[in-house]
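For reference, the structure is listed below as structure tokens.
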Amino acid sequence: MKRVMLTSVMLLAVTAMVGPFYWLVVGATHSSAEVFGSPPPLLPGGHLLDNLAHLQETVGFGRTILNSLLISGLYTVLAGAVCALAGYGFAVYDFRGKEALFGLLMLGLVIPGQVTLVPLFKMMMAWGWLNTYQAIILPNLALPFGVFLMRQTMSAMPRELLAAGRADGCGELRLFVRVALPPMRPALAALAIYLFLYQWNDFVWPLIALRTTDAYTIPLAIASQTGATDTDYGAILAGTAVAAIPMAVLFLFLQRHFVSGLLAGAVKE
Amino acid sequence: MTLRARALAPYLFILPAVALFATFKLYPIVWSFLLSLFRTEGTVQSFAGPANYARLVNDALFWTALGNTGVILVVQVPIMLILAGALALAFDSALLRLRSVVRLGFFLPIVTGPVAYGLLFAVLLNPQSGLVNWLIGVDVPWLSDKFWARIALGLALTWHYVGYNAMIFLSRLQSLPRDQYDAAAVDGAGTWRSFWHVTLPGLRPVVLLTVVMSTIGTLQLFDEPYVLTRGGPDNALLTLGLYLYENGFRYFDFGYASAIAYALAVVIALLGVVQFRVLRDKT
């Protein structure tokens, strides 16, 4: 009896959490008029392609998706490399200034990112980098949380293994790539998911640095659709579905890495 | 490899991170403070000392933004964390069935970005013809009324973050040593007493963690109020982040925007220290 009650209450909670997501799919496949019909639609309709075509007309949504994929993909690879290299450096070596430099990087965890928005905008303007990929990718490559996570993980690396490699005449970089990285694969996957999700969903900095529609990422493109007098909500929901559903599908396939990546994010403060 | 080259190796490993961090974080942080001491008029900047900060203290909208953030902190965050705790306890219970379905339910909102779920909630909560008003059969003026707009924001935030916090609570619950529960049971403690004396004290570190994380997140809130109502109606959802954005990137008053940014950093630091003290002392 208790079991049935507990499970029912939890299923109710899950319905509240999955319900809006399900209805996103429903809304994305209906026209704006149908979305706000009475009664509202509860099953998917056949309007998805029209909605996406509308987005293509107004913001060039195909280009938007490409921008988001390229920015998030490049960011994940580069930030992953920067964080893994630094994490390894801090974890396995002893050198002068180590703790001071690490402390400096960790300062980034406590200072809100919004403090840097105005100066970063002025920098990007001066360099002519507004509306470019590098304006979005470069500023957050040295993610303090990523360096922290990589240092944590790599600290568990047995030093004898590295010593053995050195005795075999292996160079430091080769040692990192061949000996240190392979066992770190799960942690790297978790970091990669965290980085990709972070960049895919990031809004305020792209909103400031990307000012023309051909440079927009998905969150910018869909947010830019609101506020007009003839707002097309079917199109907005279709764009929102494009932003949200790929992440949900990725989650289904990579659940284990997602869980550790997202929970690792919990140590960032 | 020579010894010299090996001594250099650690610096080369950390060089990209340190150089990027110095260029795109440290330098802007310092520059932002300097900017906050200048008055921006058109393209001309003149040294103004603490004038921007004096203006901030007398700016009613700044206090409105801070007050709005305070309301979310005092109302939404505790409710969300208590719900998260309850969900975690239920998930941890051996009685629960359909675990993988429940877990999926927790995570779907987490992977949905703030702009996406903000827009989704704006449509669901549309006052005239949204799904929610149709379901409950009442015309609640979500998003067009000051009070209900705050409730709407709270609902959206809770939907997104409750599962995430529940998973953090859960990972702690599952690492609590079982022998303490056994000892409590031997002492004749019931479910409720062992919850009060074993589970709750054991959760304290993650309570601190989630409270601090939620506070920092709330103070920096931007995306959700931006897409829900652009801060309206009548500034009901105006946050410090939105006010900073408006001043910096609509009026291009960089000096004033930088002063707001620094005020934000100070508030976050102060609240962080207070929360850390309060929650740690009880341990």
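What follows draws every value from the coordinates through simple rules; no lab data is involved. Since the structure is predicted, the reported quantities are computational estimates derived from the model, not experimental observations. Methodologically, a virtual Cβ is constructed for each residue, glycine included, from the backbone with ideal geometry; neighbour enumeration extends over all protein chains shown.
Residues B:T158, A:T15, ranked from the fewest to the most other C-beta atoms within 10 Å, line up as A:T15, B:T158. Of the residues B:W63, A:W205, B:W159, B:W192, the one with the fewest other Cβ atoms within 10 Å heads the list, and the complete ranking is B:W192, B:W63, A:W205, B:W159.
When the inverse distances between all different Cα atoms of chain A are averaged and flipped, the Kirkwood radius reads 21.4 angstrom.
Between region B:229-246 and region B:1-68, the alpha-carbon centres lie 23 Å apart. Only DSSP H runs of four or more residues enter the estimate; each adds -39500 (n - 2.57), and after division by the residues of chain A the mean residue ellipticity at 222 nm equals -22000 deg cm²/dmol.
Model label points for A:M1 and B:I79, set 7 angstrom from Cα along the Cα-to-Cβ axis, are 3.2 nm apart. Contact order for region A:1-145, expressed relative to its length and based on alpha carbon pairs under 8 Å spaced 6+ residues apart, stands at 21 percent. Projecting the Cα atoms of B:V57, A:A126, B:N165 onto the charge dipole of the protein assembly as shown, computed from C-beta unit charges around the Cα centre, puts B:N165 farthest toward the positive end.
With axes computed from alpha carbons, what is the tilt in degrees of helix A:2-28 against the longest principal axis of chain A, rounded to the nearest 10 within 0 to 90? Tilt relative to chain A: about 70 degrees. Ordered by the number of other Cβ atoms lying within 10 Å of each residue's own Cβ, fewest first, A:Y75, B:Y117, A:Y198 fall into the sequence A:Y198, A:Y75, B:Y117. In order along region A:104-114, the phi-based Karplus estimate (6.51 cos²θ - 1.76 cosθ + 1.60, θ = phi - 60°) of 3J(HN,Hα) comes to 4, 4, 6, 4, x, 6, 9, 9, x, x, 5 Hz; Gly and Pro are listed as x. Relative contact order of chain A, taken over Cα pairs closer than 8 Å and 6 or more residues apart, is 32 percent.
Note that region B:84-96 has calculated 3J(HN,Hα) couplings of 4, x, 4, 4, 5, 4, 5, 5, 6, 5, 5, 6, 5 Hz, one per residue in order, obtained from phi through the Karplus relation 6.51 cos²θ - 1.76 cosθ + 1.60 (θ = phi - 60°); glycine and proline are x.
When chain A is modelled as a GNM with alpha-carbon springs shorter than 10 Å, which of A:F21, A:F95, A:F196 fluctuates the most? Between A:F21, A:F95, A:F196, it is A:F95 that shows the largest mean-square fluctuation. In order along region A:185-199, the phi-based Karplus estimate (6.51 cos²θ - 1.76 cosθ + 1.60, θ = phi - 60°) of 3J(HN,Hα) comes to 3, x, 5, 5, 5, 4, 4, 4, 5, 4, 5, 5, 4, 4, 6 Hz; Gly and Pro are listed as x.
Note on A:K2: aspartates and glutamates with a C-alpha under 16 Å away, same-chain residues under 8 apart excluded, are B:D92. Hey, could you grab the Kirkwood Rh for chain B? Inverse mean 1/r over distinct alpha carbon pairs, Å, one decimal. In chain B this quantity evaluates to 22.3 Å. Ignoring everything except DSSP H segments at least 4 long, calculate the 222 nm mean residue ellipticity for chain B; use -39,500 (n - 2.57) per segment, divide by total residues, nearest 500. Mean residue ellipticity, 222 nm, calculated: -22500 deg cm²/dmol.
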